[in-house]
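A.B. asks: For reference, the structure I am asking about is given below.
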There are 2 protein chains.
Amino acid sequence: MKSDVEISQAARMEPIVKIADKLGINEDQIEQYGHYKAKINFKPTDQGKDGKLILVTSINPTAAGEGKTTVTIGLGDAFTELGKKVALALREPSLGPVMGMKGGATGGGYAQVIPMDDINLHFTGDFDALTEAHNTLAALIDNHIQHGNQLNIDPRQITWKRVLDVNDRELRQVVIGLGGRTSGVPRQDGFDITVASELMAILCLSTSLSDLKERIGKMLIGYTYDRQPVLVSNLKVQGALTLLLKDAIKPNLVQTIEHTPAFIHGGPFANIAHGCNSILATKAALHFGDYAITEAGFGSDLGAEKFMDIVSPRLKKTPDCVVVVATVRALKLNGGADKKHLNEENLDALKRGIVNLKRHVEGMQQYGKPVVVAINKFVSDSDNEIKYLADYVANNLEVPGEVITSWADGGKGAVNLAKQVITACDKPAQFQELFAPDAPLTDKMQAIVSKIYGGNDIELSRKAQNALKRIEKMGYDKLPICMAKTQYSFTDDAKSLGAPENFSIHVSDLQLKLGAGFIVALTGKILTMPGLPSHPAALDMDIDENGRITGLF
Amino acid sequence: MKSDVEISQAARMEPIVKIADKLGINEDQIEQYGHYKAKINFKPTDQGKDGKLILVTSINPTAAGEGKTTVTIGLGDAFTELGKKVALALREPSLGPVMGMKGGATGGGYAQVIPMDDINLHFTGDFDALTEAHNTLAALIDNHIQHGNQLNIDPRQITWKRVLDVNDRELRQVVIGLGGRTSGVPRQDGFDITVASELMAILCLSTSLSDLKERIGKMLIGYTYDRQPVLVSNLKVQGALTLLLKDAIKPNLVQTIEHTPAFIHGGPFANIAHGCNSILATKAALHFGDYAITEAGFGSDLGAEKFMDIVSPRLKKTPDCVVVVATVRALKLNGGADKKHLNEENLDALKRGIVNLKRHVEGMQQYGKPVVVAINKFVSDSDNEIKYLADYVANNLEVPGEVITSWADGGKGAVNLAKQVITACDKPAQFQELFAPDAPLTDKMQAIVSKIYGGNDIELSRKAQNALKRIEKMGYDKLPICMAKTQYSFTDDAKSLGAPENFSIHVSDLQLKLGAGFIVALTGKILTMPGLPSHPAALDMDIDENGRITGLF
């Protein structure tokens, strides 16, 4: 069996100018990065003719993921197969995890975006630019304190950490500024992974350089000794930080193995941020394609909810169809099967776990748009399991469901799914908001918990209550809410699988993300700097003199 | 007066494919990064027909530099003006200082490489890739310890620090790994600026992917509890790190304002490393041009000495002519003038300081190749000062000297200099080694001190003596030496200006850089992580909606 990187390196790519031409993007609008990658100079207008929008989401995943990206890419290739003008809008992979675990974010098998090695490594430098901009701001904050601290910043209350696109647990908690008067002010600090940076969220929500600059200026970086907020605009460095992101803001264009155009741009965390590719990339896909297919991170409780409630209002467009990806493996896990034995047939576990799919589908139906289930077939799934799942969808969920085999078969493996999606997109449907945009924060959280998670209520810790009071006092209590929660459960307990009932969501803190324009509600423990496993993927990677790569998935 | 970035943004650029075509590089060999930057797929062969090599160096500089890059670029444009097929080979700017001090590394005025904004910011991502690879290795080291420490690495003896391309004094000395068992092992650490990474030195000395991988494998990252060296190859991650640098190893091609081709690639520190652009870039310039013009960092005592003694043997080519850049300003500083009053005429200081130029010229003459002096004229220099300096060169140094005004006049301002350089290149001359390649370390140091610095001898601290013994025991005592010394003085005391006599160089430590293949002799205090000034350049930078940049020099 060929590895993903072998399939990618063996694929015949078309020059990126030709892929752009398919979409009607001319050479003046693109900046090539090599022959097969490009950045697009694209200024969206709200008046543009927009294609149909398809959002791909999933059930609660296993640690290895459900192949949501593979489904998204396969679906795109199926649209191409059917002669449709389609464009994908996807997130960029984070390099940190690439060096750690096997399994990338560029699809798999014959449903990949390529060149997968470049996309998984530095790509066009967007994440590097974000890392640089983020850490430049951190240095400017400490430098301000070093040179007299005119703004009266309290070193104990700086909320702006540093970042690296490396899985490096050693940097989670550090003490910096040691070494005496000329080497800074000693204080506690920590590093997050780059995708957790508020700058990443901002880049993905901005629609122009000016919008980006304005958002950067609004970012809260800490408090003064007398507890007043300090913003980037107080430091007067929003211009320099925007300058550092002048190319990163431009969407990237690549192709799938079957030459379907794909905009790959941005990739914020789906728990502490909104988990979707950039608005500019989705707008580009909508503008240039008759169909735009995008995905949201983790399960529908995290990524898709945020797409609907945070992204859509800024995109000024709601999905015409929602695809919920389900796998036999994840449903068995949700039904109590041991994660080491997911390759073995286990109909009992599948039957117990299938309630997870039901709740995800019903959650998405709250928004009023058509839902289609994609059953992503793994080679280890038995025919009995697949049949049970397909029958369940047909008989119990009252939504269309199709088995997809794009990992093995590329676009051909998703043609039936594509046909269902096209039909769904043509259905007249009215988007229904989960809550009013100006509802109080607690009402918004309550609506998400009861309508999407299936829980009862929210409980705020003392710290969260105090934070809420401060937020109300500052006048930010009408901002959107971004729930930071485990991706493994509808609850805030990663071990509570399936479709739990009668639970509360415990909010430990509320964090103001004024640049991104939302408030993060922290539930449980959210790790923003991953570690590497005992046998990191890096140990198996190699490249020879001719550029042939091994071990990269 | 227009700023550098205004001149750059107003310049008419030719498509990079056209610049490549001038040199006979065809489209298959280049990977475009936008319309005006490219990476070159170039495999050097030792048998290739090589052009003439011109090395640009300088006297001991002021903190603002002597415009050595401006001279190099102006000289290149003068060669173009004279109808010669010429290519430049230059270092990439480091982004950290760009955010700090005004004054870039892309030339100035009408002698610039462009687009200067892109080159000064992320360019083609080489430094970002180095940062990522460096920190990935750091994470892999700590991860190895976290997961059982099979190699028995002593956390107190890890020599591999972390890096960022940010001027961030706050990270010079840190404690990492706090937060308990799941967040690493607490230990002291520190961050350097990316250009100080041994990976940077290695990238610039490698001639192929395999060479790069082999060097990376040899890097020393620390010692075991029983004081045995630990190499990257012991961790088995040289393949992954090489993979992360697969594009960074390719030289970048841009153009000057007057469309002279310029390879810009790599940029190691000229004190703790060798301070020259990549060997691959210089080889490309030699291969494609009839004349290749390159520069070495800081004054001739640092950069040029290392070019001759470390780079040339690996390049298998020595310079055909050495250009020593002198300025009235730096000579006045060397003659005791106050650095705040360098804009005012001060012939006395100039007369006192001119011995600095004399020693640099005589040092370079040791190598047996022709030397030419370039007097880089600043607008603040008086006619009397320029005349005194020109007369001194003509009457006392017995080498050609020409005034150059390329900052104001571009290539035209360096035509006379170019003619002198062409004449010099045609002179028959035999390269003379400063010392035998297999001379003992102390003999090599002694030769550099007496023949180049003009000092008496070297004194090794107790620590350096012990290090020397260990190095001899390990069998590395025949490696080249890389002197880490202040750039402001021939001595190891930054305040000892002019041409000091009767001094010793104090070596405080010897560091093994097994990947780069040299031993660093530390003298005085070498800062490997700069800080930002009280008013960082970042505060004045901006970009508007149309991409117009201000404040970037």
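A.B. asks: Based on the Cβ-Cβ distance from residue A:151 to residue A:535, what FRET efficiency comes out when R0 is 45 Å, to the nearest 0.05?
C.D. replies: The calculated FRET efficiency here is 0.45.
A.B. asks: Here's another thing I want to ask about it. With point charges of +1 on the Cβ of Lys and Arg and -1 on the Cβ of Asp and Glu, referenced to the Cα centre of the stretch B:126-243, which listed residue (B:207, B:178, B:239) lies farthest in the positive direction of the dipole?
C.D. replies: B:178
A.B. asks: Among residues other than residue B:251 whose Cβ falls under 15 Å from its Cβ, what is the net charge (Lys/Arg +1, Asp/Glu -1)?
C.D. replies: +2
A.B. asks: Would you mind giving the mean number of other chain beta-carbons within 10 Å of the Cβ of each residue in A:526-534, as a whole number?
C.D. replies: 3
A.B. asks: I'd like the interface area for chains B and A: accessible area of each alone minus the complex, both sides summed, 1.4 Å probe, protein heavy atoms only. What is it in Å² to the nearest 100?
C.D. replies: What B and A bury together is about 6400 Å².
A.B. asks: Same structure, new question: Would you work out which of A:518, A:341, B:504 lies farthest towards the positive end of the dipole of the protein assembly as shown? Charges go on Cβ: Lys and Arg +1, Asp and Glu -1.
C.D. replies: After comparing all options, I get B:504.
A.B. asks: With axes computed from alpha carbons, what is the tilt in degrees of helix B:355-365 against the longest principal axis of chain B, rounded to the nearest 10 within 0 to 90?
C.D. replies: Computed tilt is about 70 degrees.
A.B. asks: If you don't mind, another one. Per residue of chain B, what 222 nm ellipticity follows from adding -39500 (n - 2.57) for every DSSP H run with n ≥ 4, rounded to the nearest 500?
C.D. replies: -8500 deg cm²/dmol
A.B. asks: Further question on the same structure: May I ask for the Rg/Rh ratio of the stretch B:452-502, computed from Cα atoms with Rh as the Kirkwood radius, given to two decimals?
C.D. replies: Rounded to two decimals, Rg over Rh is 1.06.
A.B. asks: I'd like the Karplus ³J(HN,Hα) series for the stretch B:114-125: coefficients 6.51, -1.76, 1.60, θ = phi - 60°, whole numbers in Hz, and an x wherever there's a Gly or Pro.
C.D. replies: 10, x, 5, 5, 5, 5, 6, 8, 8, 6, 9, x
A.B. asks: Placing the label point 7 Å from Cα along the Cα-to-Cβ direction, what are the distances from residue B:45 to the equivalent spots in the other copies, shortest first, in nm to one decimal?
C.D. replies: 5.5
A.B. asks: Which residues' amide hydrogens lie under 5 Å from the amide hydrogen of residue A:483, considering only partners 5 or more residues apart or on another chain, with H built in the peptide plane?
C.D. replies: It is A:521, by chain and number.
A.B. asks: Please give me, ordered by residue number, the GluC sites (Glu not before Pro) of the stretch B:389-486 that lie in loop per DSSP and have at most 14 other Cβ atoms within 10 Å.
C.D. replies: B:398
A.B. asks: Given a cut-off of under 8 Å on Cα pairs at least six residues apart, what relative contact order in percent is computed for chain A?
C.D. replies: Relative contact order for chain A comes out at 21 percent.
A.B. asks: Please get the size of the charge dipole for chain B, origin at its Cα centre, with Cβ charges of +1 on Lys and Arg and -1 on Asp and Glu, quoted in debye to the nearest 20.
C.D. replies: Once rounded to the nearest 20, the dipole reads 1280 debye.
A.B. asks: Once ligands and nucleic acids are excluded and a 1.4 Å probe is used, how much of residue B:375 is accessible, expressed in Å² to the nearest 10?
C.D. replies: Result for residue B:375: roughly 0 Å² accessible.
A.B. asks: While we're here: Please go through the stretch B:420-480 and write out the trypsin sites (Lys or Arg not before Pro) that DSSP classes as loop and that have at most 16 other C-beta atoms within 10 Å.
C.D. replies: The qualifying sites are B:478.
A.B. asks: Find the accessible area per residue for the stretch B:380-501; the probe is 1.4 Å, ligands and nucleic acids are left out, and the unit is Å².
C.D. replies: 50
A.B. asks: Could you work out the local net charge near residue A:401, counting Lys and Arg as +1, Asp and Glu as -1, over the other residues with Cβ closer than 15 Å to its Cβ?
C.D. replies: It works out to a net charge of -3.
A.B. asks: A follow-up question, please. Eight or more residues apart or on different chains, and alpha-carbon atoms under 25 Å: count the Lys pairs in the stretch B:219-359 matching that.
C.D. replies: 21
A.B. asks: Right, here's the next one. Which residues' amide hydrogens lie under 5 Å from the amide hydrogen of residue A:108, considering only partners 5 or more residues apart or on another chain, with H built in the peptide plane?
C.D. replies: A:70
A.B. asks: Which residues does the label zone of residue A:527 cover in the stretch A:117-133, counting backbone N under 19 Å from a point 7 Å along Cα→Cβ?
C.D. replies: Answer for this model: none.
A.B. asks: Given a 1.4 Å probe, how much area per residue of the stretch B:126-243 is accessible, in Å²?
C.D. replies: Heavy-atom accessible area per residue stands at 30 Å².
A.B. asks: Put a label point 7 Å from Cα along the Cβ direction on residue A:340, then list its distances to the equivalent points in the other copies in nm, shortest first.
C.D. replies: 7.4
A.B. asks: Over the heavy atoms of residue B:369, what accessible area does a 1.4 Å probe trace out, to the nearest 10 Å²?
C.D. replies: Per-residue accessible area (residue B:369): approximately 20 Å².
A.B. asks: Given R₀ = 60 Å, FRET efficiency for residue B:390-residue A:227 by Cβ-Cβ distance, to 0.05?
C.D. replies: Step by step, r from the Cβ atoms, then E = 0.40.
A.B. asks: Further, regarding this structure: Residues with beta-carbon under 13 Å from that of residue B:488, excluding residue B:488: net charge, scoring Lys, Arg +1 and Asp, Glu -1?
C.D. replies: Summing Lys/Arg as +1 and Asp/Glu as -1 gives 0.
A.B. asks: So, with a 1.4 angstrom probe, what is the percent of accessible area on chain A that is carbon and sulfur?
C.D. replies: 48
A.B. asks: Order A:534, A:461 by their accessible area, 1.4 angstrom probe, all chains in place, largest first.
C.D. replies: A:534, A:461
A.B. asks: By per-residue mean of other Cβ atoms within 10 Å, what is the highest-first order of A:538-547, B:322-331?
C.D. replies: Ranking the peptides A:538-547, B:322-331 by packing returns B:322-331, A:538-547.
A.B. asks: Can you pull a Stokes-Einstein diffusion coefficient for the protein assembly as shown at 20 °C (1.002 mPa s), Rh from Kirkwood over Cα pairs, as a whole number of µm²/s?
C.D. replies: 70
A.B. asks: For residue A:509, list long-range residues whose amide hydrogen, built 1.01 Å from N in the peptide plane, is under 5 Å from its own amide hydrogen.
C.D. replies: A:522
A.B. asks: Taking each residue in B:155-167, count the Cβ atoms of any other chain within 10 Å of its Cβ, then average. What number comes out?
C.D. replies: Neighbouring Cβ atoms belonging to other protein chains average 3 per residue here.
A.B. asks: In nm, one decimal, shortest first: how far is the label point of residue B:475 (7 Å from Cα along Cα to beta carbon) from the matching points in the other copies?
C.D. replies: 7.4
A.B. asks: Tell me, what HN-Hα J-couplings in whole Hz come from the Karplus equation 6.51 cos²θ - 1.76 cosθ + 1.60 at θ = phi - 60° for each residue of the stretch A:372-378, using x for Gly and Pro?
C.D. replies: Rounded to whole hertz, the list is 10, 9, 10, 8, 7, 7, 9.
A.B. asks: Spelling out what I want: for every residue of the stretch B:504-519, take phi, set θ = phi - 60°, compute 6.51 cos²θ - 1.76 cosθ + 1.60 (Karplus), and round to whole Hz; glycine and proline get x.
C.D. replies: So the Karplus estimates, Gly and Pro as x, are 10, 9, 9, 8, 8, 6, 10, 10, 7, 10, 6, x, 5, x, 9, 10 Hz.
The values are calculated or read from the model by the stated rules, or taken from the named source; none is laboratory data. Everything quoted here is computed from the prediction, not taken from an experiment. For neighbour counting, all protein chains shown are included, and Cβ atoms are generated from backbone atoms with ideal geometry for every residue, glycine included. These area figures cover heavy atoms from the full protein model, side chains too; ligands, DNA and RNA do not enter into them. Shrake-Rupley method; radii C 1.70, N 1.55, O 1.52, S 1.80 Å.
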